[in-house]
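Below is one structure, written out as structure tokens; comments come after it.
The values are calculated or read from the model by the stated rules, or taken from the named source; none is laboratory data. Everything numeric in this text was worked out from a predicted model, so none of it was measured. Positions of Cβ are generated from backbone atoms using ideal geometry, with glycine treated the same way; all protein chains shown enter the neighbour counts. Keep in mind that these areas ignore ligands, DNA and RNA; they rest on the heavy atoms of the full protein, side chains included. Shrake-Rupley method; radii C 1.70, N 1.55, O 1.52, S 1.80 Å.
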Amino acid sequence: MGKRAYGTLLLAFMLAAAVALAGCGKGDSDKKLIRIGEVTRSLFYAPQYVAIEKGFFEEEGLKIELTTTPGGDKTMTALLSNVIDVALVGSETSIYVYQQGADDPVINFAQLTQTDGTFLVARQKIDNFDWNSLKGSVFLGQRVGGMPQMAGEFAMKKNGIDPHHDLELIQNVDFANIPAAFSSGTGDYVQLFEPTASIFEKEGRGHVVASFGTESGILPYTVFMTKGSFIEKNNKDVQAFTNAVYKAQNWVADHSAEEIADVVLPYFDNVDRDILVSSIDRYKQQGSFAADPIVDEAEWNNLIDVITSAGELDQRPEHSVLVNTEFAKEAIASVK
């Protein structure tokens, strides 16, 4: 949806969410309930599932209710309409809300991933991939204005490819239907998250030839965020939440892909364990999981550069306006 208004989806989503919102968290009735909306279900978010399954949120006095709200627009609509308390989504969504002149801005307070999480998948096996191979091809891309597409375009431009002139760019396929569209024959290349990329490789439907995460650099790709008013009213709970996230980040850093896969397995019932392991290892190897919850100014500026390059920025929001690092700093200081 890019910088266009999120409000058009509000009524429909609220009605659907009232019926469909379901939790998969833990905790006793006396714990503070925090409702998280994740933008998609992905191994990219492994530390979040670790925080739930290892009981780190419980240790901090929180009960988590997790639901998947597919797409940045739906996730932000859910947050703005109080269907959820905390959103796990790309930082660009908070910027779009800010550009619309929101009275209650959305604040990024705990980073989960620090690179793009997508991979360039080719229909045919390519042993020595060169970005020039994209010229003249059909590329099945992501949603206009979303971080996957913007990071993908940024990476292509970095490698001398103009995504709007050097290839045929398809962007009218819904996020959830992109893998199926590629499988059915649409596109020579596609941009996919894990574990889908590894599944395609295993089944011979595609071959990973490059990582957009490696190419686009360090940025606050997926962040826990909430409204400023929620932080004011629930300061201690936001701190407890951030503490739990940092505990999970430490655990993920200290454990193997195999151990992480065993913890997050309940969230991926239809994925083979070996695919989970290879996907998590791929993310660990390229440093996709943030080491701590701090959204620092350097990576924020890199994010702004990516959005600016995509033509989706009306004004350059300062780091101090939409980012609160105090909770992350306190977590690092206090969590052992």
Which one is modelled with the highest pLDDT, of the residues in region 28-60 that are assigned to a loop (DSSP other than H, G, I, E, B) and open to solvent by less than 30 Å² (accessible area, probe 1.4 Å)?
Gly55
I'm told Trp131 meets every condition in (1) closer than 14 Å to Ala244 by Cβ; (2) touching a strand residue (DSSP E or B) at 6+ places or on another chain (Cβ under 8 Å) except one. Can you identify the failing condition by its number?
(1)
For region 67-85, which positions are under 22 Å from Val295 (Cβ atoms) and surrounded by 24 or more Cβ atoms within 10 Å (Cβ to Cβ)?
Thr69, Gly72, Asp73, Thr75, Met76, Ala78, Leu79, Ile84
Scope region 237-271; condition modelled with pLDDT under 95 and acidic (Asp, Glu); matching residues
Asp269
What helices (runs of 4 or more DSSP H), lying completely within region 197-279, carry at least 1 residues that are surrounded by 15 or more Cβ atoms within 10 Å (Cβ to Cβ) and without any contact (Cβ under 8 Å) to a residue 24 or more places away in the chain?
257-264
Out of (1) out of contact with any strand residue (DSSP E or B) (no Cβ under 6 Å at 6 or more places or on another chain); (2) open to solvent by 10 Å² or more (accessible area, probe 1.4 Å), what's the single condition that is false for Ile126?
(1)
Filtered residues of region 177-190 (kept if open to solvent by less than 50 Å² (accessible area, probe 1.4 Å) and either among the basic types (Lys, Arg) or in contact (Cβ under 8 Å) with a residue 40 or more places away in the chain (or both)):
Ala181, Phe182, Thr186, Gly187, Tyr189, Val190
Tell me whether region 102-112 contains one or more residues that are open to solvent by less than 10 Å² (accessible area, probe 1.4 Å) and within 27 Å of Ala181 (Cβ to Cβ).
no
Kindly provide the set of residues from region 280-330 that are within 20 Å of Gly152 (Cα to Cα), open to solvent by 40 Å² or more (accessible area, probe 1.4 Å), touching a residue at least 24 places away in the same chain (Cβ under 8 Å) and in a loop (DSSP other than H, G, I, E, B), ordered by number.
Gln286
